[in-house]
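Notes to accompany the following structure.
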Amino acid sequence: MNWLANYLGDVEHPGGSPLREGPLERSTLPSPADWSEFINASNSKVERDLAQLTLSDPEQRELYEAARLVQTAFRKYKGRPLREQQEVAAAVIQRCYKKYKQVGTTYALYKKMTQAAILIQSKFRSYHEQKKFQQSRRAAVLIQQYYRSYKEFGRLKPHHRGAAAALVQGSLLTKRQDQAARKIMRFLRRCRHR
């Protein structure tokens, strides 16, 4: 072991440049006994150091539990942003789905209302056309009646014309009274339904 100490001392405090030394001035190589002493010394030191590192079973369990706690805490710390990001993403997806459902129900309601409006409009147009047709028909019937009575009035003899004129005037009066009565009845029906 002395040769190692000498060598280390020479390295730490060089006396002269090794280039200046000749090949004969260099230190001699260690002997096999020196090598075995070096290896045994290092083995015993390593074994001593390893012996100090070995732990008892309770110490190993405690160390394992501590390592597990540290790993768990680290995983939670690393997983928290991911979990928060997932919660935000879930909230966005839920909001979008609710909006989609709301738009769907709104569209369905709009479609029903449009169909109802179309139905009401068609019924009203049909009613209006029917009423117009009936009014035109009544007017045509009335014109035909007047024309027939006028024609009949022209064919009658002069002494019968007076009686026919009174009859026509009487029928005109009753028609006007009928129309007035119908208007009053229609008005009363409307008032009753309100």
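The values are calculated or read from the model by the stated rules, or taken from the named source; none is laboratory data. Everything numeric here is computed off the predicted structure, so don't read it as measured data. Every residue, glycine as well, gets a Cβ built from its backbone with ideal geometry; the counts of neighbours run over all protein chains shown.
So which residues in region 71-102 are among the hydrophobic types (A, V, I, L, M, F, W, C), surrounded by 10 or more Cβ atoms within 10 Å (Cβ to Cβ) and at pLDDT below 90, if there are any at all?
Result: A73, F74.
For residues that are under 21 Å from Q135 (Cα atoms) and either touching an Asp or Glu at 6+ places or on another chain (Cβ under 8 Å) or at pLDDT 80 or above (or both), tally how many sit in region 146-179.
Matching residues across region 146-179 total 4.
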